[in-house]
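Please read the structure below before turning to the comments.
Just so it is clear, none of the values below were taken in a lab; they were calculated from the coordinates. Keep in mind that what you see is a predicted model, and the values were worked out from it rather than measured. Counting neighbours? That spans all protein chains shown, and the Cβs are built from the backbone with ideal geometry, glycine included.
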Amino acid sequence: MYRSPAGLAGGVLLLALGGWLGGDALVSGDGRTPWLALALLLVAVPLVAAFSVRPAVFANDERLRVRNPFRVIELPWASIVSLRSGYTNEVIDSSGAKYQLWAIPVSLRARKKAARIQARDAHRVAKGDSSGRTSLVARPVPASETDQFMADLRELCEMRARAAGSQGEPSVRWAWEIMGPAAAGAVLLAVLVALG
């Protein structure tokens, strides 16, 4: 399972802050305040959970399961054409559909750091070779953590794509458990604001 630790931590902190402030408004508020707090909590809690706590990527011998904020995508290894990293990490299936992996964020800073270490080591090796010393050996190139996750997924995909259990069609399921409460809260909030 792949997840963003920073996303989890930020989401839990936002949910705790929202619970504290919203709970206080529900308990000690007067007039319309408890109803407004309830509506805002119904909108905010599912959305914060969807964008921070919910995203995850699960990989097993048969399929890749991507849990994004508003849908769950299950892709048998044989249906995956490409796993690529650019400004986002994406998986492309055999029909050409592209799905972002929200749980594996791209860190351009970590990529630049890895490139700097690689360049520095290459420069030291070249410098050592020109002076006649051959004791400097290039270390393995460190990759950013998310690039390593993507490399692991690519390797697993290549190994398992031809297996009998890895065949099948991709499936996409919408996350109504997130969208339903958020929509209900938005309707309640709109009604409360309209009633003034």
Gaussian network model of the chain, springs between alpha carbon atoms under 10 Å - residue of A16, A184, A122 with greatest fluctuation: A122
Take the chain, connect every pair of alpha-carbon atoms lying under 10 Å apart with a spring to form a Gaussian network, then pick out the residue of K112, K98, K127 with the largest mean-square fluctuation. K127
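Equivalent-ellipsoid semi-axes (√(5λ), Cα gyration tensor) for segment 1-44, whole Å, largest first? All intermediate terms of the calculation are to be shown ahead of the outcome.
Working: eigenvalues 156, 19, 5 Å².
Each semi-axis is √(5λ); the values are 28, 10, 5 Å.
Express the Stokes-Einstein translational diffusion coefficient of segment 43-111 in µm² s⁻¹, to the nearest whole number, given a Kirkwood radius over alpha-carbon pairs, 20 °C and a viscosity of 1.002 mPa s.
Values: Rh = 12.9 Å.
After rounding, the answer is 166 µm²/s.
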Please give every one of the aspartates and glutamates within straight-line cross-link reach of K98, meaning a C-alpha to C-alpha distance under 13 Å, and leave out same-chain neighbours fewer than 8 residues apart. E74, E90
Any aspartates and glutamates whose Cα falls less than 17 Å from that of K113, other than same-chain ones fewer than 8 residues away, would be D121, E145, D147
So for the pair S94, Q167, with labels modelled 7 Å out along Cα→Cβ, what separation do we get in nm? 0.9
Could you state the angle between the C-alpha long axis of helix 145-160 and the longest principal axis of the C-alpha atoms of the chain, as a value from 0 to 90 degrees rounded to the nearest 10? 80
Given springs between every Cα pair under 10 Å in a Gaussian network model of the chain, which of R84, R32, R71 has the largest fluctuation? R32
For the chain, what number results from the quotient of the Cα radius of gyration and 2.2 N^0.38 Å? 1.44
In terms of modelled amide H atoms, which long-range or inter-chain residues lie less than 5 Å from the amide H of A175? R71, V72
Label points 7 Å out from Cα along the Cβ direction at D24 and A183: separation in nm? 3.4
With an 8 Å Cα cut-off and a minimum separation of 6 or more residues, compute the relative contact order for segment 1-156 in percent. 18
As I understand it, the value is the acute angle between the Cα axis of helix 33-48 and the longest principal axis of the Cα atoms of the chain; what does it come to in degrees, rounded to 10? 20
